[in-house]
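Each remark here refers to the structure printed beneath this line.
The values are calculated or read from the model by the stated rules, or taken from the named source; none is laboratory data. Since we're looking at a predicted model, the values are computed, not measured. Ideal geometry is used to build each Cβ from the backbone, glycine not excepted, and the neighbour counts take in all protein chains shown. Protein only, heavy atoms only, side chains kept; ligands, DNA and RNA dropped before computing areas. Shrake-Rupley method; radii C 1.70, N 1.55, O 1.52, S 1.80 Å.
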Amino acid sequence: MSHRDARHAMTAVLAGLVLLLMHAMPATAQDRMPPIPEDQMTAEQKAAVEEFKRVRQRPNISGPFVPLLRSPEMLSRARNVGDHARYNTVLPPRLSEMVILITARHWTQNYEWAAHASIAESEGLDPAIIAAIADGRRPAAMADDEAVLYDFCTELFHNQGVSDPTYARMVAAFEEIGVIDTIGIMGYYSLLAMVMNTARTPLREGVEPGLAPFPK
């Protein structure tokens, strides 16, 4: 075997080892900001966790709030915005969930998508619309309010602004309060998506990614 052939063989072996190690890694191996053990939390972090559990009526923090706990004040203020953006906007749940899915797709945020795709369907959003959003396509058939909302959100994400006709349709459908509430949902879930994309927050065990990355 020539030196050149030997180098090629060694390169192939090393590449195979790298792939084997990648597949052998646990799902949390890339998690940059894993849960903080309670005995290592600061007093401020403990207070933020207790407030979260009380307000959201959950046993503990999870998902984006795990990395957000590194800044407990940010966690609490983000949660406060989320209490409105998630539960109390003028948009009906079918539409607010649609906005969340458009946001998750924009950021290719699979934890966010996994948490809300099933909720969106249970709230009445057509599975075909959900599938089109996942693919990055404009859904072929939407109700009038869904089409107005889809065009507004995607235009704002892609162009960093909206045209006069798009804005006029949005105001006609949802009034000015609906415009602001929609932007609030987009902003809140963009914050969570950026946090989780940066922290590489893992999916819940057993959950498969529902979004493929867009081509670069």
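Expressed as a whole percent, the accessible surface of the chain that belongs to carbon and sulfur atoms is 58, based on a 1.4 Å probe. Kindly give Rg over Rh for region 133-175, based on alpha-carbon atoms, with the Kirkwood expression for the hydrodynamic radius. Answer for region 133-175: 0.97. The angle between the Cα long axis of helix 93-106 and the main principal axis of the chain comes to about 40°, on a 0 to 90 degree scale. Extension gain, ALA141 to LYS46, is 29.5 nm, computed as 0.36 nm per intervening residue step minus the present C-alpha separation. Helix 72-87 axis versus longest C-alpha principal axis of the chain: approximately 50°, rounded to the nearest ten. Here the simple spin-label model places points 7 Å from the Cα toward Cβ, and for GLU205 and ALA172 these points are separated by 5.3 nm.
Among 198-208, 184-194, how do they line up by average Cβ neighbours within 10 Å per residue, starting with the highest?
184-194, 198-208
Determine Rg/Rh for the chain; Rg is computed over alpha-carbon atoms and Rh is the Kirkwood hydrodynamic estimate from the same atoms. Ratio value, two decimals: 1.08. Summing Cβ point charges (Lys, Arg +1; Asp, Glu -1) relative to the Cα centre of the chain gives a dipole of roughly 900 debye. Estimated from helical segments only, the mean residue ellipticity of the chain at 222 nm is -22000 deg cm²/dmol, where each DSSP H run of four or more residues counts as -39500 (n - 2.57).
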